[in-house]
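Coordinate-derived values only; no laboratory data. Everything quoted here is computed from the prediction, not taken from an experiment. In this analysis, Cβ positions are derived from the backbone assuming ideal geometry, glycine residues included, and neighbour counts consider all displayed protein chains.
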Amino acid sequence: MAGGKLHDQNRDPAVPEPQINDMPLFDKVKKFAKILNLVPPDIYPYFRPISSAQDTEVIIDGQKVLMLGSNSYMGLTNHPEIKEAVHTAVQKYGSGCAGSRFLNGTLDIHLELEEELALFVGKEAVLLYSTGFQANFGTIGCMVGRGEYVIADKDDHASIVDGCLLSFGKFVRFDHNNMASLEKRLKNLDPDCGKLIVVDGVFSMGGDITPLPELVALAEKYPAAVMVDDAHGIGVLGKNGSGTSNHFGLTDRVHIIMGTFSKSLASLGGFIASDAATISFLKHNSRSLIFSASITPANAAAVFAALKIIQREPERIERLWQNTRMMRDGLQTLGFETGSSETPIIPVYCFDNNKAFIITMRLQEEGVFVNPVVSPAVPPNQAIIRVSLMATHTEDQISFGLDKIAKVGREFGLI
């Protein structure tokens with residue numbers, strides 16, 4: 001079976017069993033190895049090697065598979081204009097910067113991209129990070145100090161959680177998208193202390209949108225700054241895909257906006273947008289920026305080209321939403337439970353972790369790539385198959401995907 005083939009190679013009797021260190025530190029490694037060995041190789045769904053461009057169809061083990069598990073919402077990762085921009089940047093700047101932005105790693109293309117992104121999301125200034133994870137990790141840990149509070153939604157991304165844990169402030173969590181829970185937390189905090197509320201604009205597993213108007217109102221009632229992680233909102237919501245804050249008309253009342261390049265913007269990296277003074281503070285204090293190498297020239301050039309295409313071709317966003325409605329309506333008509341999704345991220349609930357693994361690999365056999373999401377990434381007994389759409393999917397591809405999901409769903413009693 002595709003996906004199990006590579007895993008099986010590690011179990012070849014001709015290959016010696018891997019040795020695990022006997023030191024106490026590695027007890028956790030032994031425990032995990034035992035758990036992993038309980039997963040049959042033919043249903044192991046992770047690290048599946050793709051041998052083609054990340055497009056609406058990909059090649060896995062020589063098999064063409066419909067990609068319904070990518071975050072390339074605009075479908076730009078294989079766009080010829082972007083590939084040409086990458087080639088041109090490498091010819092001019094070489095392959096990397098050989099240092100951090102703080103020292104020798106700032107290129108003129110970085111500054112130009114920061115200016116372009118600031119205009120795009122409607123903020124005064126932008127700072128580039130090498131990954132989206134580093135952007136969250138480095139900003140939250142830098143902004144929230146001793147005696148201050150960081151308040152996060154319980155469904156926030158792991159990079160937000162790690163940033164909260166890194167900070168010297170007190171980490172407080174509220175129930176997912178529950179504004180009564182948020183207000184209860186805020187009421188109990190010292191009104192004179194610094195407070196930062198951090199939420200995903202679009203939640204990466206459930207596909208639902210944060211109730212930003214109500215959240216901002218509470219932040220202003222109990223003075224707190226607001227930071228929105230728009231990794232899955234850029235390219236999807238707002239004018240020309242400028243994000244969740246623009247979608248709600250709240251850009252001026254959201255203090256910090258984070259975005260990534262690895263979704264709609266067809267590259268790798270991340271950014272923070274805010275007022276110029278805050279960006280200057282981060283430039284000189286954010287450890288994940290100061291002590292990491294700069295985003296490569298090729299990555300920066302790809303983002304530049306993607307921004308031009310998105311703003312030049314707004315019809316891409318409309319096609320994305322047409323595809324989203326077709327898939328979501330089709331799944332719901334078939335009888336699948338899709339939760340509270342409002343975006344191109346659509347969870348299909350199968351509840352059981354092992355069933356999620358089996359269904360994922362059965363769908364790959366049928367020519368469809370999806371992602372299993374199991375606990376602890378979701379609550380226990382809430383495992384999902386994560387389906388995601390691109391602007392470049394065709395109606396025929398979506399119909400094919402629905403047919404295959406229905407077939408496998410019936411096999412396992414989901415419908």
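Overview of values
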item	result
Highest-first arrangement of 69-82, 180-193, 365-378, where packing means the average Cβ count within 10 Å	69-82, 365-378, 180-193
For the chain: rounded, prolate or oblate by the Cα gyration tensor [a/c cutoff 1.5]	rounded
Backbone HN-Hα couplings from phi across the range 336-351 [Karplus 6.51/-1.76/1.60, Hz, Gly and Pro as x]	6, 8, 10, x, 10, 4, 10, 9, x, 8, 10, x, 10, 6, 10, 6
Within a Gaussian network of the chain (alpha carbon springs, distance under 10 Å), most fluctuating of Leu320, Leu128, Leu25	Leu25
Relative contact order (percent, whole number), the range 80-312, Cα cutoff 8 Å, 6+ residue spacing	31
Net dipole in debye of the chain [+1 Lys, Arg Cβ; -1 Asp, Glu Cβ; about Cα centre; nearest 20]	640
Rounded tilt (10° steps) of 132-143 against the dominant C-alpha axis of the chain	30
Rg and Dmax [Cα atoms of the range 289-380; Å; Rg one decimal, Dmax integer]	18.3, 51
Lys239 versus Leu165: modelled label distance in nm, points set 7 Å from Cα along the beta carbon direction	4.0
Residue-by-residue Karplus 3J(HN,Hα) for the range 317-332, coefficients 6.51, -1.76, 1.60, Hz, glycine and proline x	5, 5, 5, 4, 6, 4, 5, 4, 5, 5, 5, 5, 4, x, 5, 5
Label-to-label distance, nm, for residues given as Leu334 and Lys92 (7 Å Cα→Cβ offset)	4.6
Cross-link pairs Lys184/Lys283; Lys263/Lys404; Lys28/Lys154; Lys30/Lys263; Lys154/Lys187; Lys123/Lys221 - those with Cα-Cα distance over 29 Å	Lys184/Lys283; Lys30/Lys263
Spin-label model distance (nm) - Asp396 vs Asn188, 7 Å beyond Cα toward Cβ	5.8
0 to 90° range, to nearest 10: angle between helix 212-221 axis and the chain longest Cα axis	40
Residue among Met23, Met258, Met179 with the largest mean-square fluctuation in a Gaussian network model of the chain, springs linking Cα atoms under 10 Å	Met23
Listed residues Gln332, Gln19, Gln54, most fluctuating in the chain (Gaussian network, C-alpha, under 10 Å)	Gln19
Near-label residues of the range 109-132 by backbone N, under 19 Å of a point 7 Å along Cα→Cβ of Asn285	124-129
Sequence ranges 61-67, 299-305, 150-156, ranked by mean other-Cβ count within 10 angstrom, highest first	299-305, 150-156, 61-67
Within the range 80-312: Cβ-based charge dipole about Cα centre, in debye rounded to nearest 20 (Lys, Arg +1; Asp, Glu -1)	280
Crossing angle, helix 108-121 versus the chain [Cα axis fit, 0-90 degrees, rounded to tens]	90
For peptides 98-106, 113-121, sequence by mean Cβ density within 10 Å, most packed first	113-121, 98-106
